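So the structure is just underneath, and the comments pick up after that.
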Amino acid sequence: MPALTLSDVWASRGGNPALCGVSAQFISGEVTLVAGANGSGKSTLVGVLAGVIPVERGRVEPVRRNIALVGQGVRASAQVPVTVHAAVSMGRWREKPWWRGLDREDRRIVDEAIARLGLDELKSRPLETLSGGQFQRVLIARALAQQADALLLDEAATALDGQAAESLDSIAREQAREGRTVVVVSHDERDIARADRLIRLDAGRVVATAADAV
């Protein structure tokens with residue numbers, strides 16, 4: 001059944017039309033691949049799903065959404081000395097009041113996310129000392145720690161090496177098997193071939209969709 005639905009959605013980026021009447025469904029328990037050329041509206045679509053880009057016309061349902069978004073991360077500043085462990089722990093703060101600390105279950109979830117991304121030996125390192133690929137793995141671990149209903153990966157594998165990119169594909173499938181809605185933006189033909197569902201954009205419009213054996 002659809003977990004996220006766009007109905008005749010219009011949205012802009014930088015004052016220019018980026019989505020033009022897009023309607024699409026994203027299914028729980030599936031990996032949906034969003035493909036298209038640069039400038040076709042892929043990142044705007046993901047931003048609309050995440051609620052970080054406003055909709056000018058149309059509807060996004062449900063209105064209240066618990067979504068984890070991973071894009072191509074902006075590197076941390078040395079002025080903000082945050083460790084890997086602290087950054088991943090931020091994924092647990094969404095539903096907590098500011099005055100409460102993390103409990104034992106939160107810490108277990110954070111430790112599992114760190115281990116899943118192979119960051120155990122780096123968890124005490126400040127973010128600004130990490131390579132681009134290491135920093136990207138931190139962002140993915142933080143998203144896993146959030147345990148959101150939907151995971152959006154906007155070309156999240158770009159900074160990763162081959163092994164880490166394969167691991168991210170496995171993580172996406174694991175998340176789908178656990179019943180989450182997973183949306184992946186990618187140009188990689190292997191990702192397209194492995195997806196459960198495909199949505200292809202061109203100039204802000206859906207030009208092709210397919211399910212199974214895309």
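Picking from Glu174, Glu155, Glu128, Glu166, which residue would you name as being assigned by TED's automatic domain parsing to the domain that holds Ala3, surrounded by 13 or more Cβ atoms within 10 Å (Cβ to Cβ) and over 27 Å from Val48 (Cβ atoms)?
Working: Glu174 fails: over 27 Å from Val48 (Cβ atoms); Glu155 fails: over 27 Å from Val48 (Cβ atoms); Glu128 fails: assigned by TED's automatic domain parsing to the domain that holds Ala3.
Answer to the check: Glu166.
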Quick one: is Thr209 out of contact with any helix residue (DSSP H, G or I) (no Cβ under 6 Å at 6 or more places or on another chain), of a type outside the set (A, V, I, L, M, F, W, C), assigned to a loop (DSSP other than H, G, I, E, B) and touching a residue at least 12 places away in the same chain (Cβ under 8 Å)? no
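Being of a type in the set (Lys, Arg) and farther than 15 Å from Phe26 by Cβ is the filter here; which residues of the stretch 48-63 pass it?
Arg57
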Take the stretch 34-66 and flag every residue that is loosely packed, with under 15 Cβ neighbours inside 10 Å and not in a loop (DSSP other than H, G, I, E, B). Arg57, Arg59, Glu61
Would you confirm whether or not the stretch 183-193 contains a residue that is over 14 Å from the mean Cα position of the chain (by Cα), over 20 Å from Ala68 (Cα atoms), part of a strand (DSSP E or B) and basic (Lys, Arg)? no
Listed by first then second residue, the pairs whose first member lies in the stretch 22-33 and is buried (at least 22 other Cβ atoms within 10 Å of the Cβ), whose partner is hydrophobic (A, V, I, L, M, F, W, C) and in a loop (DSSP other than H, G, I, E, B), with beta carbons under 6 Å and at least 6 positions apart or on separate chains, are Val31/Ala195; Leu33/Ala195
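The values are calculated or read from the model by the stated rules, or taken from the named source; none is laboratory data. Quick caveat, the model's predicted, so the values are computed rather than measured. Glycine also receives a Cβ, built like all others from the backbone with ideal geometry; neighbour counts cover every protein chain displayed.
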